[in-house]
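Heads up, the thing below is written out as structure tokens.
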Amino acid sequence: MILTIVAMLSMTMTFAENENMNALNTTEAYDMTVNMKKLSQALGLSKDQVEGVEEVHKTFSAEMVFAAQYGKEERAKMMEKAINKDLAYMNYMLNKDQYRKYVMLLNVTLSNRGLK
């Protein structure tokens, strides 16, 4: 009887640990932190653009981490809203070529993290 209780507690602890790891992995996937120096170089940003892009990206990253805290249906809506908002601001701040590169990098990042 004692062995049965120990086995049940072990299985319960393993299940709870797996649930915590899944939640952690989900949150990590939504962390959109990037190296701004490398992003600036990749896009060929001017000094003025660097500051604006950095601020917009900080807001985008915060919104994505916030979206990760919600259920699947709400998360998808919040993620879409954050992406659209980010793209609108970036379209305003970047020239056509820079924006095209940014969209490509964002799509690759989202795909690599399993969010798209």
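Coordinate-derived values only; no laboratory data. Just so it is clear, the model here is predicted, and its values are computed rather than measured. Here Cβ is always computed from backbone atoms with ideal geometry, including for glycine, and neighbour counts include all displayed protein chains.
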Please compute the net charge surrounding A67, taking Lys and Arg as +1 and Asp and Glu as -1 over other residues with Cβ under 14 Å from its Cβ. 0
Calculated FRET value between K37 and E73, using beta carbons and R₀ = 30 Å, to 0.05: 0.25
Using 0.36 nm per residue of separation minus the Cα-Cα distance, give me the extension gain between T59 and Y99 in nm, one decimal. 12.6 nm
